[in-house]
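Undergrad: This is the structure, below, for whatever I ask next.
Please treat every number below as a calculation from the coordinates, not as lab data. Every value quoted in this text rests on a predicted model; they were computed, and no experiment measured them. All Cβ positions, even for glycine, are placed from backbone atoms using ideal geometry, and neighbour counts span all protein chains on display.
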Amino acid sequence: MTRPVFRFAPSPNGRLHLGHAYSALLNDHMARRAGGRFLVRIEDIDPHRSKPEFTRGILEDLAWLGLRWEEPVRLQSRHLADYGRAVRGLRERGLVYPCFCSRGDIRRDAAALAGGPMPRDPDGSPLYPGTCRHGDPEEARARIAAGLVPAWRLDTARALAVAGGAPDWTAFDRGGEERRVPSRPGLWGDPVVARRDVPTSYHLSVVVDDAVQAVSHVVRGRDLESATDLHALLQRLLGLPAPRYHHHDLVLDPAGRKLAKSLGSVSLDDARRAGAHAAAIRRDLGFPA
């Protein structure tokens, strides 16, 4: 019988905080309870924010918490060819198109089209109005031949038609009960699947990696629940297996905000230097010391 596979997949753009610790410990806890495997993956596709010292720090923090994982740790930056093949497959089927719009272009066009409050995607970014989807294909090819690098966006309407509609995904709770969840990938508009500076995106690389690593159970924060709608569609388009999903509650600061590096949330490294003990943190987060 195949053992369940769980994974914790942080981005190395800073040190881990208590929210990361909770997610990592919950993945490990669920894997142990299910007799499964626990993996760590480093999602370091962002060439501007990802730092090797943060990768080392993340692994140090996880080891300090008492976690053990299978080796080797998968670093996304070493597997860009995998993601490139997936994008080429989507291009060959006419499911993506090149986009040359800047962020300013998108804000301007989205505001003009809306004529009121600007529509936004689940991440809060202005919803892409499809400007380049309606562009001249010959002009796009000429711009690429001249050396202009585009982003590649999913043509969501066409993708949904090819996929036979928006695929459901499977959620599971901590007791193991499962339910089907209807997805709404259209809320993302036409999302980027390959950026200008790197031949992939978070959404594309995650579904490819989960398939490559045979991940069967994805346990992550509730803030990523909307992303699962898009991931289910990409899995259907790429012919990839669909894991089961559990979206846990977030650890919040005293002001009720999600912990974040950008807000200066106390890192595990800071807590350790201040004298905190891993056993106490585990207990505070609801896990055995």
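Undergrad: What longest range of the chain stays clear of loop-exposed trypsin sites (Lys or Arg not before Pro) (DSSP non-H/G/I/E/B, at most 16 other C-beta within 10 angstrom)?
TA: 94-173
Undergrad: Once R0 is set to 51 Å, what does the formula 1/(1 + (r/R0)^6) return for the Cβ-Cβ distance between Ala145 and Val266, expressed as a FRET efficiency to the nearest 0.05?
TA: On the way: r = 51 Å, r/R0 = 0.99.
Efficiency, rounded to the nearest 0.05: 0.50.
Undergrad: Can you run the Rg to Rh ratio on the chain? Use alpha carbon positions and the Kirkwood inverse-distance Rh. Display every interim value, and only then the final one.
TA: Working: Rg = 20.0 Å, Rh = 20.4 Å.
Result for the chain is an Rg/Rh of 0.98.
Undergrad: Translational diffusion coefficient, Stokes-Einstein: compute it for region 81-212 using the Kirkwood radius over C-alpha pairs as Rh, at 25 °C and 0.890 mPa s, and state it as an integer in µm² s⁻¹. Working shown, then result.
TA: Numbers: Rh = 16.4 Å.
It comes out at roughly 150 µm²/s.
Undergrad: Which value, in debye to the nearest 20, gives the size of the charge dipole of region 81-212 about its Cα centre, when Lys and Arg are +1 and Asp and Glu are -1 at the Cβ? Kindly include the intermediate steps, with their values, before the conclusion.
TA: Details: 19 positive and 18 negative charges, 55 e Å.
My answer is approximately 260 debye.
Undergrad: Which value in deg cm²/dmol, rounded to the nearest 500, describes the helix-derived mean residue ellipticity at 222 nm for the chain, given -39,500 (n - 2.57) per DSSP H run of n ≥ 4 and division by the residue count?
TA: On the way: 10 runs with 109 residues, N = 289.
Value at 222 nm, helices only: -11500 deg cm²/dmol.
Undergrad: At 0.36 nm per residue, and after removing the present C-alpha to C-alpha distance, how many nm does the segment from Arg85 to Glu138 gain when stretched out fully?
TA: Values: separation 53, 0.36 × 53 = 19.08 nm, distance 2.33 nm.
The span from Arg85 to Glu138 would gain 16.7 nm if fully extended.
Undergrad: I would also like to ask the following. Using a 4.7 Å Cβ cut-off, which Cys residues in the chain lack a partner cysteine?
TA: Unpaired cysteines in the chain: Cys101.
Undergrad: Report the charge-dipole magnitude of the chain in Debye, nearest 20, computed about the Cα centre from +1 at each Lys and Arg Cβ and -1 at each Asp and Glu Cβ.
TA: Magnitude of the dipole: close to 260 debye.
Undergrad: Of the chymotrypsin sites (Phe, Trp or Tyr not before Pro) in region 166-254, which ones lie in a loop per DSSP and count no more than 16 other C-beta atoms within 10 Å?
TA: Counting only loop positions with at most 16 other Cβ atoms within 10 Å, none of the chymotrypsin sites (Phe, Trp or Tyr not before Pro) in region 166-254 qualifies.
Undergrad: Could you list the GluC sites (Glu not before Pro) in region 132-200 that lie in coil according to DSSP, counting only those with at most 14 other Cβ atoms within 10 Å of their Cβ?
TA: Glu177
Undergrad: While we're here: Can you tell me the length gained on complete extension of the stretch Gln213 to Asp253, counting 0.36 nm per residue apart and subtracting the Cα distance?
TA: Contour length minus Cα-Cα distance gives 11.1 nm.
Undergrad: Towards the positive end of the charge dipole of the chain, with charges on Cβ (+1 Lys, Arg; -1 Asp, Glu), say which of Cys101, Pro117, Ser50 has the farthest Cα.
TA: Ser50
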